Structure formats: C-alpha cells, structure tokens
1. If amide hydrogens are placed 1.01 Å from N in the peptide plane, which non-local residues have theirs closer than 5 Å to the one on residue 262?
2. Between the stretch 230-271 and the stretch 408-450, what is the separation of their alpha carbon centroids in Å?
3. Which residues' amide hydrogens lie under 5 Å from the amide hydrogen of residue 356, considering only partners 5 or more residues apart or on another chain, with H built in the peptide plane?
4. Over 26 Å between Cα atoms, which of 367/582; 87/141; 36/162 qualify?
5. Quick one: 235, 494, 582, fewest Cβ neighbours within 10 Å first, how do they rank?
6. Looking at the stretch 498-565, which GluC sites (Glu not before Pro) are DSSP coil and have at most 15 other C-beta atoms within 10 Å of their C-beta?
7. Relative contact order of the chain, please, whole-number percent, based on alpha carbon pairs below 8 angstrom and at least 6 residues apart.
8. Where the only charges are on Cβ atoms (+1 Lys, Arg; -1 Asp, Glu), what is the dipole of the stretch 209-463 about its Cα centre, to the nearest 20 debye?
Amino acid sequence: MQKTDQMIDQTTQATINRWLEGDFDSATKAEINRLKQEDPEGLIDAFYTHLDFGTGGLRGIMGVGTNRMNNYTVRSATSGLANYLLKQPAHERVIVGYDSRLHSRDFAIETARVLAAAGIKVLLYRELRPVPFVSFGVLEKKCAAGVMITASHNPPEYNGYKVYWDYGGQVLPPHDQGIIDEVKKIKDPTTIEMVDFPHPLIEEVGEEMDVAYLKRTHSLMFHPGDNLSKGEELKVVYTPLHGTGMTVVPKALKDWGFTNCTLVEEQAAPDGNFPTIKSPNPEEHDALTIGIKKLETVEGDLLIATDADADRIGVVVRTKRGPIFLNGNEVAVLSIEHICQALTQTHEMPPKPAFIKSIVTTELFSKIAEHYKTTCYDLLTGFKYFGEKIHEWLIEETKTKALHIPYHHFIFGAEESYGYLLGTHARDKDAIIAANLICEMALHQKLQGKTLIEALYEIYKKYGVYRERLASLTFEGKEGVSKMKEMMLALREKPPKEIGGIPVEIVEDYLSHTKTYLNSGHREPILLPQSDVLRFWLVDETKVVIRPSGTEPKIKLYCGVKKTGSFFDETTINETITACEKQTDDVIAFVKKLIL
C-alpha cells in the first residue's frame, strides 16, 4: 500500500481519495482498492487526467476513474452538455442513440436521465441504431443536439460519447469548448441530478425513424432502373460484425433493389464482446475472415462489412483470382468515378458540384473530380469538418438560390479510413448509404461483365496508379502522451529536408497555419482550422502526413505515391502497383526511424 502511494503524485492521489471518500457506489470503491493492490499503474492511468473531447466527444476504456468511461464520467459530460445547452437560444430537445457495446444502453439511459432532470426533452432510441441515425435524427426531429454512445471500431473494452450539434454534424468550436468548460465546473459527479427512467420528458423512438431514413435516401440512386429491376442479380454477403448495422443495412439494401443478401449468421447478433473478432474494424482483414468464407461458400459477388456503429464499411470482391480486399482509398475513387460518370451521362451534374476528402485521403480522388470539371475540397481529418462544410454550403444555398446564383452542391465525401457520405440526410459518415452505393457500383459493373477490381484498373489506366500506406505508432498512458508531443515538436523545429532519399519540396504545418516552400523559403497561409498535423510534399509529388490520432494513443503516418504513364494491360498495372507499394513501404520505414 505504501509503495502504491509513493508512485502516485499528489493531485492524482487527491482525486482518488475523493472517489474513495465520496458518495460513489460500493462497487466503484471496491474496484479502486483492487487496482491499488494489484495494478497501481492502471490506477494512475485511470485518475491522472480527465477524458477529453477528441474528434467529436469522449472515448476511452471502460472502468473506474476520471480517465475512464463509466456512469460518473457520462453524467459529468451530460451535465456539462445540458448546462451549455440551457445557455443557447434553442435547447428544446436532444436525441440519444447507442450501439451494441457493453454498457452502451446503460450510458444512454444515464444521459437521458441527466438531460431530463435539466428540463430538456429527450428522444431516446428504443433499441440500438447506427451512429448516422443520431445525425439524421437531429435534422429530422429538429433537435438542439444529439448524443451517440459508441466507440466506433475500437476493441471491446472501449466505449465513447459522441456529441452532435443542431446542424447534424459533430460538435465543433466554440461549442465543444463551451461544453468542456461546463464539465470542468462539475467537481462531484455524485451530486448531479437525475430523473427516474421512464419519465415524461424521455420519449422513446423506433422504427418510424427507419422509415423516414429510407424515404430520404431512396432518391439517391444513380441507376434506379437497373437497381430495382436487376438488383437481385447481385449476390451480396453482409456482416454487421456484431454491431448496429443489422438493424438497418438489410432493409436499406432491399429498398434499393438488392434483395439477394446472405447474412453472416455467426456475426449477425449484436454483442459488445465481439466474440468472433478482436475488434469490429472492417479495416482489419482478420475481422472479415468468417465473412470471406461465407462469400466463397455461396459464390457471392462481394462481401460488405460494417463496424460496430455502422459508420465505416469494408468491402471484399470475389474474383477468379480469389477474394480481393478494397481499401478505403480504393472505394473512394471507385465511388467518385461512378457518381461523376452517371451524372455526366444523364446530364444531371449540378452547376457547382462539390466533393470533399480529408487531407490524408488519396490524391486520385481530387484528380477524378478535376477531370469531370468538379471541385474537390481538402479538409482536416474527421467527418466533423465535412459536416461543418456541408452546413455552410446549405446556408449558402438558402441565400443564393432565389437569386438564381449557383451555389455549392455537395455530392459525396470520403475518408481513407473507410468512411463515406452520399447526400445531405446526415452530416457524418454513413455506412448504410455507402453499402447501397457500393452495391449499385458492383451491379453496374456486373451488368457489363466486370467486377469492381476491373473497374479500379480502368481508373488506373485513365488517371495513373496511386497507392497509399498507413502505419501507426502506439504510445500508451501518461508517458505516451508526453512522448507524442515531443516527437511532433521535434519535427516542427527541424523538419526533414529529404524523406527516403527524395527531397522535400513543401512543408505544411496545420498547427501554425503555414505552408513553406523549402527551396525559396516562400510561405503561404493554410486556411483550415488549427490542428496538430504535418504534411510533406516531396519533389516527385509523394505525400507524407504525420499526425496524432484524435481517438487513440497513436501517431499515424500516411504515405501516398503516384506513377503516371501508359498502362495498357493488367500486368503493367500490377508491376506499377508493386513499385508504388515498395516506395510507400520505404518512405514509412524512413519516417519511423526519423521520429523514434
């Protein structure tokens, strides 16, 4: 016991003492004492800081402590949200949803009880639903805010608290800081008032929201005739990875005509333990192993997999060479090419079409947008920025439409991390509408005797070969946070003049809003919000991005390379892909050595 006390600084010890001596439940106190005896380092990590709002809210490991997701941190976050909302002109109602994770429904009910105690009307989803249903629900029900209890694709021990604002997007400055300031005023979460559940101010919503969602998204088809008359020809295999997608994705596919859908039964039931996988992340090939077996058994055309809260989607295509994974960048470029081709052929391209990608997403996306004389906007990583930009454009539309002045018309947005949005029914990534779009693309190719892989190769022939690589460096605990800050500071103070033997031409520092041309020393401002990101452009147009994750204790490293020329056959393209991927591997290896 004495040794444990010596390890803990005074501030952290004082916080622990407040939880042991305060009006916290007995199970919480017992767990603190157990950690004190058996895992003192874990105890420090649980109390040395408070969970911070990252890209849209809270996310952390479940357990006791101020740095963990539990009833008390959820109450504090909700009380801060409620107090901030009460200062706003409109605060009539908040919609609350939750995913399949352990304690998600419990946390959602805690959220509703605190909001109702503050006199705020709550619309609580009766059953688990995908995260885009909270974004959609905010808009559909004209709510002041929304809360989704989710940790997206993180491992089972995580949960989170995602806040949406009245325009349907994730909370942004100054509102996020306003909520944080209110949370900081709360010294004792045990004193936060709550109503009993059920309560007159808490109204449960259910399948009526499914109907409204499907009605809004039905009109987003680009080939409705083929989808509705020939959609059953596409053999789809679907796995929700034990998450919320099961509640809506099959309905949505059927609504678009894709009725030939086989479920991966072993992963169909919602289960926060995610028993068949390490984490419900469709980016990880291991998570799709069972789905691929089903794909091959039923001789399907493609496998689609959604993460726990159904905002990200993975795709595997069955080919003569076997199953082939499509990564997030590949799905993004297939999508924008499909959309632009369809709108061009039908002469339905709007006057001022706008696409969005993140600064770490493939540059091929921008190249395709440029080819079709549309505009692609680069934004910071995180769909909260996409939602904000879409909202700006819709305000622009209301101001200029009556004057017959062209306005930005948002069509599609994509992130390399398997997140996409088609349409404006939601202001966050939406794997439900993405599943529909992907199936439409696959059907369109199948009717021509092709697969999505062949469509991707046609894109390479048309624009050049672009390949990307993502790597992560993990830094756990208090020391890890400090180390990440030190690494980013060292890179800023002394940026590399070459990476992997290739000279650096441009350094973009999104923290100082500065774009620097190394040869001339010329500087330009970066007109995006401040963010701890460094982007390097090499003389051969290779792109390297280094940034701390907003949701995990990681530094993320991105590399994108391209090779243009004449690619006439599959062999040449494959050789070029191999060369590109070797270059990305070499660059990533160099960057790891540089910063470690």
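1. 236, 237, 238
2. Centre-to-centre distance over Cα atoms comes out at 16 Å.
3. It is 377, 412, 413, 414, by chain and number.
4. Values: 367/582 23 Å; 87/141 21 Å; 36/162 31 Å.
Exceeds cut-off: 36/162.
5. Details: 235 18, 494 8, 582 12.
Ordered from fewest to most neighbouring Cβ atoms within 10 Å, 235, 494, 582 come out as 494, 582, 235.
6. Details: sites: 498, 505, 508, 541; in loops: 541.
Within the stretch 498-565, the qualifying GluC sites (Glu not before Pro) (loop, at most 15 other Cβ atoms within 10 Å) are 541.
7. Values: 1188 pairs, mean separation 66.1, N = 596.
The normalised contact order for the chain reaches 11 percent.
8. Numbers: 27 positive and 34 negative charges, 110 e Å.
The dipole of the stretch 209-463 has a size of about 520 debye.
Values in this text are rule-based calculations from the coordinates and carry no lab data. What you are looking at is a predicted structure, and each value in this text was computed from that prediction instead of being measured. Because the Cβ atoms are built from the backbone with ideal geometry, glycine has one as well, and the counts that use them run over all protein chains shown.
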